[in-house]
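Reading through the structure tokens given below for one structure.
What follows draws every value from the coordinates through simple rules; no lab data is involved. The structure presented is a predicted model; accordingly, all values stated were derived computationally and were not measured. Positions of Cβ are generated from backbone atoms using ideal geometry, with glycine treated the same way; all protein chains shown enter the neighbour counts.
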Amino acid sequence: MASPARSNLWRRLEKPGTVAAMIVCVSLLHYSTAMHVHEAHGIYRRLYYFPIILAAFRYGARGGLVAAFTTCAFYAPHAFGLIGFDPAYTLEKSLEMVLYFAVGLVSGILVDREHTTLRQLRRTLDDRDRMAGELVRSERLAAVGRLSAGLAHEIRNPLASISGASEVLGDDFPAGHPKAGLVGILRDESRRLNDVLTRFLAFARGAPGPAAPFDLGAEVRAVAELARQRDVGAAVVVTVPTGGLPAALGNREQVRQALLNLALNGLAAAGPGGRVELAVRADDDGVVCRVADNGPGFSDEAAANFGTPFFSTTAGGTGLGLATSLRLIEDLGGTLTLDRSVPGGCVVLRLPATAVAAKG
């Protein structure tokens, strides 16, 4: 491996100004050397190859040809007696200039091929890293699935007993009884908890919910209202086009769950006095919702582990919120990505769209 000092020297030599200066210097040596010094002129002609090769190394075939053309432009007046005179044979000097172009072209082609190979290698390494990350995430998701299946089994057994007991108690406390409302709450919440377990198991098994067209703007407004109920001292702002946008295609409940996870994460990052914005728009790829906050944003580690189960930067967090959201959206044919080009944290949710327009 080259030392930093050598690498810096090489970069300086490859600069266009350095290459041009070398060509000018060699040409000045030609012009200032007496005609009878044959050996010196022969050496100078060979020195031209050095800047040509340097240009080819830096800019490929195009750089090598430009350097060769520049060299010939400086050397030709001397070769043919316009400025001084190179005493070599005319054929020798002409062939030398042809060789300048040949060396510049061949060197540049070899460098271009090497650069292409390096780009392909980088893409291969990036694909390998991406696949390794996907493998780790898949393994963790599989662990989540096994864990959730076991938990659901253990919770459903007592939940079935609670639900059955609420039905029996309902017979003893008919409508109008002071305790009838409490029995109704017990029965309804048992059913709701059972529905939650069912949806969680469906996610763990990788089964997306039924997709249908829906108004993403309306869901964003509903999620914003739910997020405001947390009352953490941060503002929640919704931006939806007034002219309408295409209907999103997906499972309304699963999308709402993903959006709520993102909004709550944004509130936690923004903190008291902060701001979370949910902005909906349409683009060529579908319908997009950007969930942005003015918090500290995603660190390099957090960005690298985006959507990784059990990774969390929040004290006491399980690291399942983003993993769940990512899995839900991908199962619906959408994407969930980071946008680190803006200040704060920004997650972009994209769903496929239908041709049906939904009024904003």
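Miscellaneous remarks
- Highest-fluctuation residue, ILE162, ILE83, ILE109 considered, GNM on the chain with Cα pairs under 10 Å: ILE83
- Hull shadow area, averaged, the chain [alpha-carbon convex hull, nm²]: 29.9
- Residues within the reach of a label modelled at MET35 (point 7 angstrom out along Cα to beta-carbon, backbone nitrogen below 14 Å), restricted to region 62-105, are 78-90.
- For the peptides 218-231, 173-186, 62-75, the ranking by mean Cβ contacts within 10 Å, running from highest to lowest, is 62-75, 218-231, 173-186.
- In region 4-127, the convex hull through the Cα atoms has an average projected area of 8.4 nm², a quarter of its surface area.
- Ordering LEU259, LEU99, ALA76 by the projection of their Cα atoms onto the charge dipole of the chain, which places +1 on the Cβ of Lys and Arg and -1 on the Cβ of Asp and Glu, puts ALA76 at the extreme positive end.
- Distance histogram for region 234-333 (every C-alpha pair counted, 5 angstrom bins, percent rounded to whole numbers): 2, 12, 19, 23, 21, 14, 6, 2, 0
- Computed on the chain, with alpha-carbon pairs under 8 angstrom and 6+ residues apart, the relative contact order is 13 percent.
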